[in-house]
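Just so it is clear, none of the values below were taken in a lab; they were calculated from the coordinates. Computed from a predicted structure; not experimentally measured. Please note: Cβ atoms are built from the backbone with ideal geometry, for glycine as well, and neighbour counts cover all protein chains shown.
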Amino acid sequence: MGTIGPQPGGRRQEEANSEGDILLEVRRLRKYFPLTSGVLFQRRVGLIKAVDDVSFSIRKGETLGLVGESGSGKTTTGRCILQLDRPTSGEVRFEGRDLAQLDEAELRPVRRRMQVIFQDPYSSLNPRMTIGQIIGEPVRVHEIVQGKEEVRERVRELLSVVGLNPRMADRFPHELSGGQRQRVGIARALSLQPSFIVCDEPVSALDVSIQAQIINLLEDLQAQFGLTYLFIAHDLSVVRHIGDRVAVMYLGKIVEVAYRRELYENPLHPYTKALLSAVPIPDPAVEAKRERIVLKGEVPSPLNPPCGCVFHPRCPIAIPECSQVVPELREVSPNHWVACIRAEGYQSAPAHSG
Amino acid sequence: MQHEAWESEGAKGTLLQVKDLRTQFFTLEGVIKAVDGVSYDVRQGETVAIVGESGCGKSVSALSIMRLIPYPPGRIVAGEIWFNGRNLLALTDEEMRQVRGKEIAMIFQEPMTSLNPTLTIGRQLTETLEAHLKMSASEAEGRAAELLRLVGIPEPERRLRQYPHQFSGGMRQRVMIAMALSCNPKLILADEPTTALDVTIQAQILELMKELSQRFGVAMVIITHNLGVVARYADQVNVMYAGKMIEQGSARDIYESPRHPYTLGLLRSVPRLDQPRKARLEPIDGQPPDLAHLPPGCSFRLRCTFAIDRCAHEVPPLIPVGAGHVSACWVADTLHGK
């Protein structure tokens, strides 16, 4: 219950494990990047608040979709969870331990349990290594299996799990298509038998016809191995398909979180509504009838975020108060969390049905 | 509806006519037929979409119209491109330079790489104006500011003195649109104009392009891999696969009753927000075609769930399946209502 939504403040709710165990819990996560100027003597001239007070949790076997536009901090959130970027403050509790407190040596065994799939399968594979070496390396380094032949066997097994011909092990990345490369990226992530995978825009670089293949594969693997996903994407229709719950980020903050159905049928934050209305639908008849909320302006710089609600300069329903108060993420109906002071006062027809 | 279509066809003349275009790349791996006998028309003021996945030849077909195919290895080996009564393929290089940017403008996917990072936005805009319209420096500057205002860039006078890196992705794409419009072209070729942009910015840019094209009567060819993006904007849709045109028709026909298995597959594979969530997505199986090693017969055959024996050895031609609607598929008739 309480654990389903994010937990703002120090409010901890240990009791609510009724709907499954929490695998990952992010609390009040902040990541600020200093902006420096000068070559020899670097002065700090500003602070980029890439992630600013973000809290959420993910249960075992669940997929949390994290959507937002470029610069919203969704990728940095993923990197902070994996400790590829160390958080400025806040907690990342994974399988019971706060990773932000661990040093590199302590993190190593944890890293086996959490993996990442990147957006661009072209730049995330070493062009000089064969597919077999790419997938086999983590297996060898982390000593998942012993012996050359065993590693090779494991690679073949992983290749067939992700739907590739085991003979592909001898090929190089450039010989593969985009979709095949992304399958290799998935096989590499699986090679360490993780329990949690951050999927960072795993399909946005792929052709439409291949995107569906990869999404189906990710779903199959989740069912097969009981994986938990944080699925980062900007495509709301893809996230509706794969996410059990969906969190919407804007300029370093989560503005809305809810179960998939609730979020898409009853979006409450004006930014979520605008995002939903901007998603094109492949049907001219539907498009002709559809109202579209075209947002004014662009995402402001996280270096100099607007005061009060960060969305207020672009918000179609902003009132003067919005520029003064930072809206708290609050639970407006069971498990539906919104950071908007006008969320209830302003209701409109759902963006779609079903 | 059909009646209406006929009327508009009579009212608007054909602006661009691509006839049996063939563009090939001569590589070590062999001859790659990137565009293999493609034909389509664009009428004045109309928006035409060319849809297909990476490597299907959609960008090469646009670059061929502009005669921007790098030689070697590429060459337009056959075909005609009639624009405003002239065959562009028969023009001299100098004549073609007069067409490029002036009568036909192009907008690319990645605005950062198509702008010169070392020149101010103002300089890049005035350069075209001075070259094509023979404007004086001060005239060109005035017009440049007007153009930026037209595409919705605030404080144009200040922005003109800035460099591309000082603009966001969406703003850069607006600059590209301003540049494309600068010489009052009759046709704009837009190659994946919104693919690199965020969803909310995508909507802004497409609305802007549509509005401007209607206001100035500019015809547009929008090249994209995403059928969703163009549903709202396209009048005509051309679907390409492996260098060939495989289906052509009005947007309404293509989306409502696609008659090629590939088009059908593309439409089915994307999750749709306006429909109930499916338990499973329906992808197109297999990989996109490798143009250097195409199978004989229909090149979509190996990924096609409707393939019959005939598909293996006979390449299907484009055959009419409705008024102004053609499909290159031997079983197009059986796809009706699927």
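Structural remarks
- The listed residue being part of a strand (DSSP E or B), buried (at least 24 other Cβ atoms within 10 Å of the Cβ) and hydrophobic (A, V, I, L, M, F, W, C), out of A:LEU230, A:LEU263: A:LEU230
- Checking A:VAL248, A:VAL239 one by one, the residue that is assigned to a helix (DSSP H, G or I), within 14 Å of chain B (Cβ to nearest Cβ) and in contact (Cβ under 8 Å) with a residue 24 or more places away in the chain is A:VAL239 and no other.
- Evaluation of B:PRO258 against (1) out of contact with any Pro (no Cβ under 8 Å at 6 or more places or on another chain); (2) more than 25 Å from A:ASN216 (Cβ to Cβ); (3) of a type outside the set (Val, Ile, Thr); (4) in a loop (DSSP other than H, G, I, E, B) (one fails), failing number: (2)
- From the list A:PRO166, A:PRO138, A:PRO173, the one residue that fits, being in contact (Cβ under 8 Å) with a residue 24 or more places away in the chain and either crowded, with 23+ Cβ neighbours inside 10 Å or under 30 Å from B:LEU291 (Cβ atoms) (or both), is A:PRO173.
- Every test in (1) of a type outside the set (Asp, Glu); (2) under 28 Å from A:ASP207 (Cβ atoms); (3) away from chain B (no Cβ under 14 Å); (4) in a helix (DSSP H, G or I) is passed by A:ARG128 save one, and that test is (4).
- Number of the exception - A:GLU256 against (1) surrounded by 19 or more Cβ atoms within 10 Å (Cβ to Cβ); (2) facing another protein chain (nearest Cβ under 10 Å); (3) not aromatic (Phe, Trp, Tyr): (2)
- Checked against the criterion of being within 14 Å of chain A (Cβ to nearest Cβ), outside any loop (DSSP other than H, G, I, E, B), of a type in the set (A, V, I, L, M, F, W, C) and buried (at least 18 other Cβ atoms within 10 Å of the Cβ), the range B:311-320 has no qualifying residue.
- Candidate set from the range A:286-305 (those that are surrounded by fewer than 20 Cβ atoms within 10 Å (Cβ to Cβ) and within 7 Å of another protein chain (Cβ to nearest Cβ)); member that is nearest to B:GLU256 (Cα to Cα): A:VAL286
- Any chance A:ILE281 is within 14 Å of chain B (Cβ to nearest Cβ), touching a Ser or Thr at 6+ places or on another chain (Cβ under 6 Å), part of a loop (DSSP other than H, G, I, E, B) and among the β-branched types (Val, Ile, Thr): no
- Residues of the range A:83-125 that turn out to be part of a helix (DSSP H, G or I) and either under 27 Å from A:GLN182 (Cα atoms) or in contact (Cβ under 8 Å) with a residue 60 or more places away in the chain (or both), as a count: 7
- Counted residues, the range B:279-310 - those being among the aliphatic types (A, V, I, L, M), part of a loop (DSSP other than H, G, I, E, B) and closer than 18 Å to A:ILE210 by Cβ: 2
- Within the range B:206-225, if we keep just the residues that are within 10 Å of another protein chain (Cβ to nearest Cβ) and out of contact with any Pro (no Cβ under 9 Å at 6 or more places or on another chain), the residue that is farthest from B:SER257 (Cα to Cα) turns out to be B:LEU208.
- Applying the criterion of being over 25 Å from B:ASP285 (Cβ atoms) and in a loop (DSSP other than H, G, I, E, B) to the residues of the range B:53-73, the residue that is farthest from the other protein chains (Cβ to nearest Cβ) is B:ARG67.
Results for (1) under 21 Å from the mean Cα position of the chain (by Cα); (2) surrounded by 22 or more Cβ atoms within 10 Å (Cβ to Cβ); (3) at the interface with chain A (Cβ under 10 Å from one of its Cβ atoms), shown as yes or no for each residue.
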| site | (1), (2), (3) |
| --- | --- |
| B:LEU227 | yes, yes, yes |
| B:ARG252 | yes, no, yes |
| B:LEU264 | yes, no, no |
| B:LEU294 | no, no, no |
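- Among the residues of the range B:266-292, those identified as more than 7 Å from every other protein chain (Cβ to nearest Cβ) and either without any contact (Cβ under 8 Å) to a residue 12 or more places away in the chain or more than 30 Å from A:ARG261 (Cβ to Cβ) (or both) are B:LYS278, B:ALA279, B:GLY286, B:PRO289, B:ASP290, B:LEU291, B:ALA292.
- Extreme residue, nearest to the chain's Cα centre (by Cα), among residues of the range A:315-335 that are more than 19 Å from A:ASP53 (Cβ to Cβ) and not β-branched (Val, Ile, Thr): A:ASN335
- Meets criteria (within 13 Å of chain B (Cβ to nearest Cβ) and touching a Lys or Arg at 6+ places or on another chain (Cβ under 8 Å)) for A:GLU219: yes
Conditions (1) part of a loop (DSSP other than H, G, I, E, B); (2) among the hydrophobic types (A, V, I, L, M, F, W, C); (3) touching a residue at least 60 places away in the same chain (Cβ under 8 Å); (4) out of contact with any Ser or Thr (no Cβ under 6 Å at 6 or more places or on another chain), marked per residue:
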| site | (1), (2), (3), (4) |
| --- | --- |
| B:ARG22 | no, no, no, yes |
| B:ARG75 | no, no, no, yes |
| B:GLY79 | no, no, yes, yes |
| B:LYS102 | yes, no, yes, yes |
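- Residue within the range A:337-346 that is within 14 Å of chain B (Cβ to nearest Cβ) and either out of contact with any strand residue (DSSP E or B) (no Cβ under 7 Å at 6 or more places or on another chain) or surrounded by fewer than 18 Cβ atoms within 10 Å (Cβ to Cβ) (or both) present: no
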